[in-house]
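The values are calculated or read from the model by the stated rules, or taken from the named source; none is laboratory data. Since this is a predicted model, take the numbers as computed values, not measurements. We place every Cβ from the backbone using ideal geometry, glycine too, and count neighbours over all the protein chains shown. All accessible areas refer to the heavy atoms of the entire protein, side chains included, with ligands and DNA or RNA removed. Shrake-Rupley method; radii C 1.70, N 1.55, O 1.52, S 1.80 Å.
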Amino acid sequence: MGNIVVIGPRRSGKTTYLAALSYLPALRSRKGKDSNFKIQPLNDESRDLAENAENIIVEGATFEPTVIGDKLQSVDDLPYYSFQLQVKKGLLKKPENIQINVRDYPGEVFEKIADRNLSDEIHQEFIDECLMSDVNGCLILFTQWEHGTDKFYYRVMSQFLKLMDERNRTNNLKLAVVMSKCERGELWPGRIDPETDLFGIHLPRTKTILKDSLNSKNLQFYALSTFGVLHKNDPRPNRIDQAGSNGSESVLREPNSWQPYNLIEPLYWLSK
């Protein structure tokens, strides 16, 4: 069993990704298709997310955004999602169980890792939770790749690696570093070899600091798309952005054609 945490900057798609995991097995079952995984919510927040998964993916419904302020005094005030994922690989192998734990931290907390002088309580609890001794690995969702982003992500990951070293996690914590929302036309062709064609081209400094600091057995680069593309011969994103209660929200363009890309593979690798 693997204990996994999912982290990333603002609007990297963490909650939508978990909603997609919750929704996909039920959708495939309704279509009469077998699914190679099952997912079970383990607490109230997870059950709420699973119950609302279809609305989130199809209609763009969202939970109230997590914002640091007067109502947020400690980590216990933040939503906490816990799921058990059962994955069946191959016809003869027994299913394997992965536990996914996600504290819905504001993305700005992850981003502020780059500030070496930051020592507020929420930030410290975030780091402590990510780097606990019983965590097998971190799924890190990155979503930006435009000019200037590489420099910022490099600073974040440089500091995160130092924090790992301080807690003796450099050699025993796996990082699955993911380019999310890879359905975008500029990124989709690079999904086959994301280390070379996504991170190597768009985030080269971030890629280099990770590869120079971690053993290859503890680092993998992935591409992931919660929404996928329309069809095999129509690689337009199966996603549209529409106005929502909390700003622009992404929803499926054609729900019946939904084929997400690589939702399970990073989690499975982290759990091994």
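A few remarks follow.
- When residues of the range 118-169 are limited to those that are of a type in the set (S, T, N, Q) and closer than 22 Å to E265 by Cα, the one surrounded by the most Cβ atoms within 10 Å (Cβ to Cβ): T143
- The selection criterion, being surrounded by 14 or more Cβ atoms within 10 Å (Cβ to Cβ) and within 24 Å of I56 (Cα to Cα), holds for P235.
- Yes/no for P9 being touching a helix residue (DSSP H, G or I) at 6+ places or on another chain (Cβ under 6 Å) and open to solvent by less than 10 Å² (accessible area, probe 1.4 Å): yes
- If you go through the range 187-200 and keep only what is surrounded by 15 or more Cβ atoms within 10 Å (Cβ to Cβ) and free of Cβ contacts under 8 Å to residues at least 24 places away in the same chain, you end up with D197, F199, G200.
- All positions within the range 239-263 that are at pLDDT below 90 and part of a loop (DSSP other than H, G, I, E, B): S245, N246, R253, E254, W258, Q259
- Selection from the range 170-186 of residues that are open to solvent by less than 50 Å² (accessible area, probe 1.4 Å) and under 15 Å from S225 (Cα atoms): A176, V177, V178, M179, S180, C182, E183, R184
- Condition broken by N262, with the remaining ones in (1) touching a residue at least 60 places away in the same chain (Cβ under 8 Å); (2) on the phi < 0 side of the Ramachandran plot satisfied: (2)
- Test: residue in the range 159-180 that is farther than 16 Å from N218 by Cβ, in contact (Cβ under 8 Å) with a residue 40 or more places away in the chain and part of a helix (DSSP H, G or I): yes
- Top-ranked residue in the range 201-232 [being among the hydroxyl-bearing types (S, T, Y) and part of a helix (DSSP H, G or I); ranked as least open to solvent (accessible area, probe 1.4 Å)]: T206
- Filter result for the condition that a residue is in contact with a strand residue (DSSP E or B) (Cβ under 7 Å, 6 or more places away or on another chain) and modelled with pLDDT of 95 or more, over L161, L187, L219: L219
- Selected residue (criterion: least open to solvent (accessible area, probe 1.4 Å)) from residues of the range 60-90 that are within 22 Å of I264 (Cβ to Cβ) and at pLDDT below 80: G90
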